[in-house]
Structure formats: C-alpha cells, structure tokens
1. Where is the GNM fluctuation largest for the chain (alpha-carbon springs, 10 angstrom cutoff): Lys18, Lys58, Lys233?
2. Enter the accessible area per residue of the chain (Å², integer; probe 1.4 Å; all protein chains in place).
3. Putting +1 on Lys and Arg Cβ atoms and -1 on Asp and Glu Cβ atoms, find which of Leu203, Ser255, Asn236 reaches farthest to the positive end of the dipole of segment 157-269.
4. Using only the alpha carbons, work out the radius of gyration and Dmax of segment 57-187 in angstrom.
5. Do the alpha carbons of any pairs in Lys262/Lys321; Lys44/Lys321; Lys233/Lys266 sit beyond 29 Å of each other, and which pairs?
6. Expressed as cubic angstrom per residue, what is the convex hull volume of the alpha carbon set of segment 150-242?
7. Order these peptides, 77-88, 114-125, by their mean beta-carbon neighbour count within 10 angstrom, highest first.
8. Taking springs between alpha-carbon atoms closer than 10 angstrom, which of Asn240, Asn211, Asn248 fluctuates most in the Gaussian network model of the chain?
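The values are calculated or read from the model by the stated rules, or taken from the named source; none is laboratory data. Computed from a predicted structure; not experimentally measured. Here Cβ is always computed from backbone atoms with ideal geometry, including for glycine, and neighbour counts include all displayed protein chains. Remember, those area values only see protein heavy atoms, side chains included, never the ligands or the DNA or RNA. Shrake-Rupley method; radii C 1.70, N 1.55, O 1.52, S 1.80 Å.
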Amino acid sequence: MKVMITGGAGYIGSNCAKILSKIADIVIVDDFSTGHHQAIEGYKYYNVDIRDRVALDKVFKKEQVDAVIHFAAKSLVGESCTDPYKYFSNNVYGTLELLKCMIDNNVKKIVFSSSAAVYGNTSDDVITEDTPKNPTSPYGETKLMMEEMMKWFDTAYGLKYVSLRYFNVCGASDDSLVGEDHHPETHLIPIIIQVLNEKRDHLDVFGSDYNTKDGTNIRDYVNVVDLVDAHIKALNYLMNGGESNIFNLGTNTGSSNLEIIKTVEKVSGKKINYKLVDRRPGDPDSLVASCAKAEKVLGYKNNHTLEDSIKTAIKFHENFKDGYEK
Ligand code: UFG
C-alpha cells in the first residue's frame, strides 16, 4: 500500500509519517509554510501547495498512491478570526483541489484531519458525533465545510472518507524525537513547558470564572501516538471496504487548565509560575469527547496517559531546545 500524507511535515503529520512508514510506502506533500524538514528526514517528500492543482496532479501521476491522509491545513483558531481569507483559501479551496486531483487519478480513499472545533459552544457534557455543530471560528467552519465537500464527493464520485474530529492533541513520539514546534506557540502544554524551561517568565491562565469545577476551562487531551494509531485503523477500515464515516478522537475525560499545570509540576518536580488573567475570546467552558463510536467501529484505544504525553513533550523540548532547524 502506498499512502500520500498531505501536511506530513507538521506536528501530527510527521508523527503519522514516522509510524505509517514502518508498515506502508509513504509520500509526503507539504508546502513547508509551518512544517519542518527536520521532522521528516529520510522520507520522500514534495514541496507543493495543495492549491496548486497542476503540481499536485503531477505527484499523483508519478506516485500512484492508493489512499490519502490529509493533514495540510491552517489550524489556529485565533488567527482564523483575524485572517479568515487564509483559512478559507488554504483549507477549503486547498481541499477542493486535492479532492479533484484524487478523483481525476482514481484515488478514492481519504482519512481526514477534522477538529472538535466543528462543535463550537455546546451544552453537552460529553460530545458525541451527533452533538449539534455550531463552529465559533472560521477555522471550525472550514473543517465542517471540508467534511461536507467530502460527503458530496462520495455521493457524486464514490469517494470514501473517514473524518477524525480531534480534541486537544498533545505529547511527542515515544522516542521524543518528533513533536510540536509552532511559531508562535499558542497551545497550553507547550507554553507551560516554555515556563518550565525558563523561556517564559510565567503562564497566563485565561479565565478562572468558567462554569467548571475549579473555574478554568476543561479540555480533553489525546496523545499524538494514540491519535496516529487511529488514523492507521481508519485507513485499514477504508481499505477493507468501510463506508464513509466520522469519529471523535479524545480520551472520554477532561482536565482543567489548573489540573494540567499540576500534572506538569508532578512529572517535572518543578513549580510552574502562573497568573489567572481574563478569559480568551471564543473559549468554550468544557470540551470532552465521547469516543465510544471510534472504540466500537475502529477498535480505537488510549494507550498513553496524560502523564506519558507530558513526559514525551518535555523530553522533545530537551532534545530540540530551540525547536527544529535552529
Ligand atoms: N490557555 C491558557 N493560556 C495559554 C494558552 C492556552 O490558559 O497561554 C488555555 C486556553 O484558554 C484553553 C486551554 O488552555 O482553555 C487549551 O487551549 P489551547 O490553545 O491549547 O487549545 P484549544 O482548546 O484552544 O484548541 C485546540 C486545538 C484546536 C482545536 C480545538 C478543539 O488547538 O485546533 O482544540 O477544541 F480546534
């Protein structure tokens, strides 16, 4: 089996490349706008923007892949609110061109990187795939539109897709050599690690008056290796003739921002300096996944604990003190 990984030089894509390359042929397509060459050393790649259909079509003709795992996208909620053009162009238009190339080249299986951001604000304590979708950002809206496009490509052309709606992805590869390196960093756990490594004086905890047990936001943190494993299971599901489907990927449990700080303190043995500050716009109180459907249909499992994820993330930042390519 040969698989194209779009966005294969990014955080989740490069972790997928590392694991999938052990069991299949892979070819990466990335425009390196946020991805890192160092994350994919030794793998075949093309420096192509998926919106460039002529270039992308050449890769399809040359490589003759059986399926695609599609990570390439812009993925910052805050940035999407100030620069929606970038998101609709890269994510929606880019995916449209990718899907067209797939159909033109008779590639009809795709595993898609979707997001819990499609749900937006919800009063459901635990989110199932049937929870109403009300995205509160252009980012979430683009992910929902990409899912809708695939649905209509299935109806019209028989494209089979699995859309995986991730909650908060964290941790690094088990050997801590492939991890999260964003510029600027906006995510909670890497920012706490920056405080740990004295790259930041303190963490601002956004909001302490939410309707949660300790007043801070609750999120569902899923390990990146467990997440990648779900992609491989989804790929096998499609290769075995499975119908198009949508699954949540999380851990069925939530952690508050203060609990995350405590867990990092426990794992590292060091105190984290933090301040409680005002809310960040757009943050829902609590987002926790029900993964029952993925567990039942795909055999999805969480093999890593939150502490495991924090350990590999800390180790990754020890291995790459200033990030990749510095
Ligand atoms: N937070 C802080 N201080 C910081 C950074 C984050 O308190 O400096 C808080 C946030 O307010 C939030 C929590 O930490 O309560 C998690 O925030 P992240 O920015 O790490 O992650 P988000 O939950 O905002 O977003 C993540 C993914 C999105 C995805 C979303 C789905 O990054 O791509 O989960 O829920 F859409």
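1. Lys58
2. Per-residue accessible area for the chain comes out at 44 Å².
3. Selected residue: Asn236.
4. In order Rg, Dmax, the Cα atoms of segment 57-187 give 15.9, 48 Å.
5. Lys233/Lys266
6. That works out to 177 Å³ per residue.
7. Sorting 77-88, 114-125 by mean packing, highest first, produces 114-125, 77-88.
8. Asn240
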